[in-house]
Amino acid sequence: MSTHHFVLIIHLLAATVWVGGHLLLAICYLPTALRKKDPHIILSFEKKFEVLGMSSLALLIITGIWMAYDFGITIETWFAFKSGFEKVISIKLILLFCTFFCAICAQFYVIPNLNEKNINRIALIIISVTSIGVAMLVLGSTLRYGGI
Ligand code: HEM
């Protein structure tokens, strides 16, 4: 097994945890929390998932950038939107910043004041982060065909 292959397996395992965890939250826990108007259902899931989720996101970034460098997509070429492969990497990086933005909004503005009346705000963030994760996965799957 080459180093690239090993790094790709770590990337895929981390993607499984990150996207799988958010799909579980969005499909199973969020509807119950909204129906019962109980933010604790979401907060207790986030507490349990935090370390695993954050570690998997960190691994996705490290392994993703590592593999991009293997393909010659170095920092100087990012955001040029020239080749199909580089386009996908650049879009993935933009989506990553969108994920950071959602996380900052959640941690500093939404979660500290979360209650049964404004539970829709955290719902919007969960649906956004989950959709972005799925989009990153779909984009990743195009890379073996040369990107978009
Ligand atoms: C939520 C975040 C991410 C998810 C869910 C994700 C998911 C995936 C998936 C499913 C693949 C497909 C692998 C295959 O078809 O064999 C992939 C490949 C890839 N991803 Fe990501 N990815 C994420 C973040 C990133 C980031 C931040 C970068 C780098 C900037 C990146 C760079 C790559 C590269 C270079 C490949 C191609 C690997 C190869 O085919 O050898 N990914 N990703």
- Note on the structure: Relative to the compact-globule estimate 2.2 N^0.38 Å (N residues), the Cα gyration radius of the stretch 3-145 stands at a ratio of 1.14
- Task: Would you be so kind as to identify all helices of the chain, as entire DSSP H runs, whose Cα atoms reach 30 Å or more along the helix's own axis and whose mean Kyte-Doolittle hydropathy is at least 1.6?
- Result: 84-105, 119-142
- Item | Residue-span extension gain [residue 58 to residue 144] - 0.36 nm each, minus C-alpha spacing | 28.7 nm
- Task: Within the stretch 20-52, list the trypsin sites (Lys or Arg not before Pro) lying in a DSSP loop whose Cβ has at most 12 other Cβ atoms in a 10 Å radius.
- Result: 37
- For the pair residue 95 and residue 71, what calculated FRET efficiency results from E = 1/(1 + (r/R0)^6), where r is the Cβ-Cβ distance and R0 = 22 Å, to the nearest 0.05? 0.75
- Query: Residue separation times 0.36 nm, minus the C-alpha to C-alpha distance between residue 1 and residue 37: what's the value?
  - Reply: 8.0 nm
- Gain on full stretching of the segment that runs from residue 51 to residue 24 - 0.36 nm per residue minus C-alpha separation: 8.1 nm
- Item | Lys pairs, the chain - Cα-Cα below 27 angstrom, 8 or more residues apart or on other chains | 11
- Task: Give the accessible surface of the chain per residue, rounded to a whole number of Å², with probe radius 1.4 Å and ligands, DNA and RNA excluded.
- Result: 60
- Task: Could you please state how large a percent of the accessible area of the chain is carbon and sulfur, counting protein chains only and using a 1.4 Å probe?
- Result: 71
- Convex hull over the alpha-carbon atoms of the stretch 18-59: what's its volume per residue in Å³? 49
- Query: Cα centroid distance between the stretch 11-34 and the stretch 101-128, in Å?
  - Reply: 16
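The values are calculated or read from the model by the stated rules, or taken from the named source; none is laboratory data. Since this is a predicted model, take the numbers as computed values, not measurements. Virtual Cβ from ideal backbone geometry, glycine too; neighbours counted across all protein chains shown. When the accessible area is computed, the model is the full protein with side chains, heavy atoms only, and any ligands, DNA or RNA have been set aside. Shrake-Rupley method; radii C 1.70, N 1.55, O 1.52, S 1.80 Å.
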